[in-house]
Structures are given as C-alpha cells and as structure tokens.
Amino acid sequence: MSIINVKGTHDIIGKESELFHYVESLMRLISKQYAFSEVRPPVLEHSELFVRGVGESSDVVRKEMYTFLDKGERSLTLRPEFTAGIMRLIVQNKLYATNDLPLKYFYLGPVFRYERPQLGRYRQFNQFGVECVGGNSYFYDVETISLAYDILKSLKLNNVVIKINTLGDEESRNNYRLALKEFFKEHIIDMCEDCKQRYELNPLRILDCKVPEDQEIVKNAPKMSDYLTNESKERFQRVLSALEQLEIPYIVDDGLVRGLDYYSETVFEFHYTSQNGNNYGAIGAGGHYSHLVKEVGGPDIPGIGFSFGVERIVSVLKDDNILNEEKIDDRVDFYVMPIGEENLNYAYEIARKIRHLDFSVDICLEKAKVPAMFKRAEKKNVRFAIIIGENEVKERKIIIKNLASQQQIELSEDKIFSDIYDIYDQCFSCDGDCENCR
Ligand code: HAM
C-alpha cells in the first residue's frame, strides 16, 4: 500500500505555491512598510511555554497540541501558534532591554493543531502575523488593525468584516468572571462536559462553546460591556474613534472573547464569507495582551498582534476569483528545443545564458521529435520556443518563436545579451507585426 499524507495536512503544488508566495510577499511588504522586521522562532518549543502562555483553559492547550517526549524525556510541542514563542524569543534574548520600544516583529510559518479537519481547518497550516511589544499607547491597537486591514485591502478582500470587542483590564475581567460564575451556577449541570471544565478553569471560555443547546443558555449570560472599568471603556472608545477616523469599518461584537487565554482589552477577528457561501470563519484574528511577556519570565510590558490563516486567505481568493494572474504567473518564458542529441551542448549553453539574464528557461533534455517538443511547450504554457538544429550550432545563432503569434526570428548568439529583453517585450505585446516578428 502506498503511503499518503497525514490527516489534516496538505500538499501545496505548482501554481498554488505561487499563490501562497504572492499572498505572503504582499504581507511581508506591507509589514515592512509599517516598519516591522522578521523573526523566525523554531517550530519546537518546551510544552510549558504554551501551557503558561496560551493558557490551561484554552482548547488549544487542553485538546489540540502535538506534544511528545523526546529521547531525553523532555516534553516538547509543535507550536500551535506563534505569539507565545515570540514572547519567549524576546525574553530569552533580552530584546526588551532597549530604549527603542515597542519591538515590532512579523513572522510566517507552519503551526500545528490537532483539530477535526474540515473546510479551512487543517492540522498543519500556515500563519502570517505580527506582534508589537512594549508600547504603552492604545494607538498600537489601531496601528496593528490598520496594518492587517491594509494587507487585506491590498489582496482585494474588500468584503472583509472586522469584528471587535474589549475584554477590559484585569479588574473588568475578574468582575465579569464572577458574574459569569454566578449566572452559570444553575445551568452548568445541564451543559457539556467541556463547559463543566471551563466553568472551573475560566468561565469566559464557556461563551465560545459551539454546542447549540449551550449556546441558547449563553445568549442570556451577562455581557462584558456591563463589567468594564471606566479606564477600559475609555480606552476602547479611543480605539474605535481612531478606526472611524481612518475609515476602517468595524462591527462591535460583545460576544467575541477569543479562544486563547492571554488577551486583555482590545480583541478582533477578520471574517470573510465567499460569494459561493463558503464560510471559513475567521481568516485572521488577534488582540492585546497585558501580561504575556511577564508570564514567560520577562518584564510586565504589554503587546498586541494578530495572525492570518494563510490557507484560509488563499481559499477565499480562489473562491472569489480575486487573483491577480499577472502577479502569480508561473509561466515559463523560454523552452529550448535541441533537434538531435548532438546539439544538446550548445542548446544547454544558450539556456544557461538566458537564465542568467533572469528569465525562466526550460530545456528538453530527452530525445524528442519537434512536434512533441512543441506540444510540451504548449502544455508548460511557454511564451517562446528556442529551436536549435545543426545549422544554428554551426552559425552560433538561435531561432526564437513566439508561441502566441507564431512569428519567429533569428538571433545570433552574441546579440542575445543586448536584444533579448526587447524581443521578449515586443513580441509578447504585439500581434506579431512588430519589427522583430516580421
Ligand atoms: P487564532 O485565532 O487561534 O489566533 O488563529 C489565527 C488564525 O489562524 C485564525 O483566524 C485562522 O484564520 C487561522 N487558523 C486557526 N486554526 C486553523 C486551522 N485549524 N486551520 C487553518 N487555519 C486556522 C492566534 O493564533 C493568535 N496567536 C493570534 C494573535 C497574534 N494574537 C495576538 N497576536
């Protein structure tokens, strides 16, 4: 029996890989415009980091981590998210010890969660995100949301819905937790096993329960907004009015609590439903955290960040046909066709020369008849064929054929360097009647 991929993982092949590159490079570019720089933490971390960072009451830590003992009996975990690892990296390298706070980092890579695979839900998927750590102004929340929004806009995801809420400061959340405990006291007996545990560990998590009967109960639960301290209320209002001023649309969703334990104050999610009705849930999400750096052993400085699910973004771009074909072009520019093995050396020399001029060049290294080579060129979506027979080798020249217009020209080898860019541009954009094509 052949071996297949692990459940919940997926291969990214060919054109789809180009699409990932396109999305990821835009994300990098815009993050750099916001003066964020890249960090690359390892995939493997000590399990303790996520238990302390992401939190014992989160589903991610309780049920979804790929945790194992290594040969030295250490408990290690494949990262289920980046944020805790970035805090570890900041603390371990004492990056916070600078006058130049906040630290502004972006990151990209695979994360692992043992979830039930379904539409847009994988066990290995890629996140792109940013963390802005050590700044004290509420405006970093605005800046972070603005960055995420600009990325989504530049990807032409115009129908994105930003849901936003505040979880308040510690005092607000403590008061709210007490209110929730009081409210759920009489209901918890009828609720799911998960909620029973959540009740003990962190009743806020109950608000996230997906069991329909439990959701009915949750509908009548007290609202966070009634337990906010004045400071938190004011902070949230400032964030909202700055977003308004920047014309970044949002919907306040007072049921939004996020699934990870480290959040405080502003939290947000980016939702997108494709035109065909596919609902991928959140294509990205994030929020502010007041004490996460301290939690992993550093000073008590706050941070804010978000992560996009790259697979989900690629899926909605495909669903809604919002692809900039030109930018995710995986076409091959030239296909070199040696007629006969004896011409292969010269043909290869030519291919290499043109590759060095920054074009993508493929070459037929198999014995093949000319029509078969043209068929291959067509299949590879090649722009130009370069035909090299005995005559071409003898006279050190090449024949270039524009496969769209079917026009061909001859070019001596010593002119390749000077003329090929012009030929490439002109022949591609004309209808076959430019000087080079005639
Ligand atoms: P998260 O909401 O757990 O937040 O994940 C962020 C994004 O990852 C989600 O909005 C979704 O697009 C994607 N995602 C999550 N699970 C899956 C899955 N199983 N398959 C495919 N995509 C998925 C975090 O991870 C936080 N670290 C975000 C953050 C950064 N908060 C502050 N800084």
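The values are calculated or read from the model by the stated rules, or taken from the named source; none is laboratory data. What you see is a predicted model; the values in this text were computed from it and never measured. Every residue, glycine among them, receives a Cβ derived from its backbone with ideal geometry; neighbour counts consider all protein chains shown. Heavy atoms of the whole protein, side chains included, go into the accessibility calculation; ligands, DNA and RNA do not. Shrake-Rupley method; radii C 1.70, N 1.55, O 1.52, S 1.80 Å.
On the chain, 47 percent of the accessible area sits on carbon and sulfur atoms, based on a 1.4 Å probe. Cross-link check: pairs Lys153/Lys380; Lys7/Lys104; Lys196/Lys294; Lys15/Lys153; Lys318/Lys380; Lys7/Lys380 evaluated at a Cα-Cα cut-off of 27 Å; pairs beyond the cut-off: Lys153/Lys380; Lys7/Lys104; Lys196/Lys294; Lys7/Lys380.
Dividing the convex hull volume of the alpha-carbon atoms in the chain by its residue count gives 218 Å³ per residue.
For segment 1-134, the ratio of Cα radius of gyration to the globular rule of thumb 2.2 N^0.38 Å stands at 1.18.
Close amide-amide hydrogen proximity is noted between Thr266 and Leu167, His288, each under 5 Å apart and 5 or more residues distant or on a separate chain (H modeled in the peptide plane; Pro and chain starts excluded). The HN-Hα couplings worked out from phi for segment 98-112 by the Karplus form 6.51 cos²θ - 1.76 cosθ + 1.60 (θ = phi - 60°) are 8, 7, 9, 7, x, 7, 10, 10, 10, 7, 8, x, x, 10, 10 Hz, whole numbers, x standing for Gly and Pro. Across segment 167-179, coupling constants 3J(HN,Hα) worked out from phi with the 6.51/-1.76/1.60 Karplus curve, θ = phi - 60°, read 9, x, 7, 4, 4, 4, 5, 4, 4, 5, 4, 4, 5 Hz, and Gly and Pro carry x.
Counting Lys and Arg as +1 and Asp and Glu as -1, what is the net charge of the other residues whose Cβ lies under 11 Å from the Cβ of Gly286?
Here the charged neighbours net out to -3.
Assuming R0 = 56 Å, can you tell me the calculated FRET efficiency for the pair Ser137 and Gln197, based on Cβ-Cβ distance, to the nearest 0.05? Efficiency for this residue pair is about 0.90. Taking each DSSP H run with n ≥ 4 as -39500 (n - 2.57) and averaging over every residue of the chain yields -11000 deg cm²/dmol at 222 nm. Spacing of the modelled spin labels on Leu246 and Arg396, each 7 Å from Cα toward Cβ, amounts to 6.0 nm. Distance between the pseudo-spin-label points of Leu178 and Arg331 (7 Å out from Cα toward the beta carbon): 6.8 nm. A straight Cα-to-Cα reach below 19 Å connects Lys415 with the lysines Lys353, Lys394, Lys397, Lys401, residues fewer than 8 places away in its own chain not being considered. Taking every protein chain into account, the accessible area of the chain amounts to 51 square angstrom per residue (probe 1.4 Å).
In order along segment 118-129, the Karplus-derived 3J(HN,Hα) couplings, from 6.51 cos²θ - 1.76 cosθ + 1.60 at θ = phi - 60°, round to 7, 3, x, 10, 10, 8, 10, 9, 10, 10, 10, x Hz, and Gly and Pro are given as x. Measuring r between the beta carbons of Lys223 and His291 and using R0 = 25 Å, the FRET efficiency lands at 0.55. Taking every Cα-Cα distance in segment 331-430 and sorting them into 10 Å bins from zero, the calculated P(r) comes out as 16, 56, 27, 1 percent.
When both segment 51-126 and segment 150-173 are represented by their alpha-carbon centers, they are found 21 Å apart. Taking every alpha-carbon pair within segment 104-203, the share separated by more than 20 Å comes to 65 percent. Using the Cβ-Cβ distance between Thr273 and Asn345 with R0 set to 41 Å, the FRET efficiency works out to roughly 0.10.
Summarising the label geometry, the points placed 7 Å from Cα in the beta-carbon direction at Leu69 and Ser17 lie 3.9 nm from one another.
Between the Cα long axis of helix 230-245 and the first principal axis of the chain there is an angle of about 30°, rounded to the nearest 10.
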